[in-house]
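Read the structure below first, then the notes.
No value in this document is a laboratory result; all are computed from the given coordinates. Please read all numbers here as calculations on a predicted model, not as lab measurements. Positions of Cβ are backbone-derived with ideal geometry, glycine not excepted, and every protein chain shown enters the neighbour counts.
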Amino acid sequence: MSQKKLPKIGLLYLDYVLRFFDHSNFKGWPDKIETVTYHWKNDKDRFIREVKRKKIDVLVGNIPATAYETFKEIAAALPHVRFIPSIETQFPNKSKENVTLFCEKYDLAHPKTEIFYDIEKGYEYLKHCTYPKIVKRSYGPSNYGGYYVHKVDDYKEAKALFDRRKYVPMYIQDAIDLKDSGDIRVMLIGHKPVCAFWRYSGDGEWITNTSQGGSMSYDNVPMNALELAVKASKAAKAEYWACDIAIDAKTGKAYILECATAFAAFPYIRDWICQYIMWDLSDGRFRMPHVPLFSWEELGKMSPSMLRTMRHIYFAKYTPSADGAYWLADKGPFEMEEAGESRPEDVPDPIEPPASEEELPEEVKEAFDADTHDELPSDEKYTLADVTLTQLLTLQSMEEEMAEKIKSLIDEGKISRFEELEAYDFVPKEHLAMWSKAFREA
């Protein structure tokens, strides 16, 4: 077994952003793991100095959309530091536009998409296109709850939506007729699917989100969805990856709806990711995780409350015993493998806006500002008494389980102001001030 000197790991954290990994995910790593936190607002030079001072070789962590451009500069100033995932791999994290550009560059099946920075051209397209269409906000906070995803059935609806929301760029997709009114989330480590499940829309809804009455199932995930997710993961050279995939009800063809390195995952999946990273960084000193294909069907029989607390699950490779016992073996062709080294040319060319950055609409300039925190316009702020679970999920770094607890406190009359959440230990205190900005006085 190799005893090569191990690289120094640093965990990349950002203020106001929930942490995906912590030290416990790197079970058995013998050396000290550093942490480095980016504090926004002109913190680039200090951050770079801290990474150098701590002699960090590898920085592990996701970068949010609003910091992507700044971290391109940080990575360039730290050429001997490996980012996991790489800056190039995180290109689709920045915006829905980037997801489309990524899919186009690597010939990944995705819904036909039009992107307009010229508003008049966008409206002209909407007058003559076929419907229904899906409209998404390209930049800004995540689309948890589907709050920034809309379905329009005609030009009148589309124009009213853009007049009200003023999304720039105008991001317009063909609506896929979803098989069984559901889509599929696939999570991968080392290009191998380790978890996949259907997400079905609720009665009278079209968005496949559990916060809007949807449901989920780990059973019968089709192989072509896994194959497309693997193809995307390999194109991104991703150590870990997730895709949302639609299956066309008429043709059975799979299409990528979303893909990124930023996604919610049970703790045991984060343990597997870090076990994979430890294997990758150690020349085999640590074992590569073995996760049988379709193991999610067995794990999914447990309640989510149990899955949220399970840690360090271990699968051994199946070896036939004398009595021929069989429990679970890989049922497919995918092997976990090294992610591959990213290069600048892996990143698709951006769409060139028709104007200089200074002339772009304010909404786009704010999205281009790496140190901007998104705030809702005053006419879109929420009232605590009337806030929905879906609206809570639009708040940056809000996770579904936390949103459900907060909604229960509101419905039970236990809090009348958002600031009162400070008394509850499940709410990160550093997030309260940021989240409070999304609410108006009752």
Margin query: So if each residue of separation counts as 0.36 nm, and I subtract the Cα-Cα distance between residue 5 and residue 227, what length gain in nm does that give?
Written below: 76.3 nm
Note to self: If I take every Cα pair under 8 Å that is 6 or more residues apart in region 9-91, average their sequence separation and divide by the length, what percent do I get for the relative contact order?
What the structure shows: 33
Item checked: Length gained when the stretch residue 220-residue 287 is fully extended (0.36 nm per residue, less Cα-Cα span) -> 21.1 nm
Next item on the list: Consider a paramagnetic label point 7 Å from the Cα of residue 432 along Cα→Cβ; state which residues of region 1-41 have an amide N under 20 Å from it.
Entry: 15-19
Check: In which sequence would 37, 394 go, from the one with the fewest C-beta neighbours within 10 Å to the one with the most?
Finding: 37, 394
Item checked: Three principal axis lengths of region 9-91 [C-alpha, angstrom, descending] -> 34, 25, 22
Check: Hey, fewest Cβ within 10 Å first, where do 186, 427 land in order?
Finding: 427, 186
Margin query: Need one number: nm distance between label points at residue 425 and residue 53, each 7 Å from Cα along Cα→Cβ, rounded to one decimal.
Written below: 3.2
Check: Which entries in 179/250; 44/105; 27/54; 166/381; 405/429; 4/32 show an alpha-carbon gap greater than 19 Å?
Finding: 44/105; 27/54
Notebook entry, point to check: Which net charge results for the neighbourhood of residue 271, defined as the other residues with beta-carbon distances under 10 angstrom from its beta-carbon, given Lys and Arg at +1 and Asp and Glu at -1?
Noted result: +3
Item checked: Neighbour net charge for residue 346 - beta-carbon separation under 9 angstrom, K R +1, D E -1 -> +1
Check: Would you list 189, 115 from fewest to most Cβ contacts within 10 Å?
Finding: 115, 189
Notebook entry, point to check: In Å, what is the Rg of the alpha-carbon atoms in region 9-147, and how long is Dmax?
Noted result: 18.9, 62
Check: Tell me, in nm to one decimal, what length is gained between residue 32 and residue 383 on full extension, where the rule is 0.36 nm per residue of separation less the Cα-Cα distance?
Finding: 121.8 nm
Check: What is the ratio of the Cα radius of gyration of region 378-436 to 2.2 N^0.38 Å, where N is its residue count, to two decimals?
Finding: 1.02
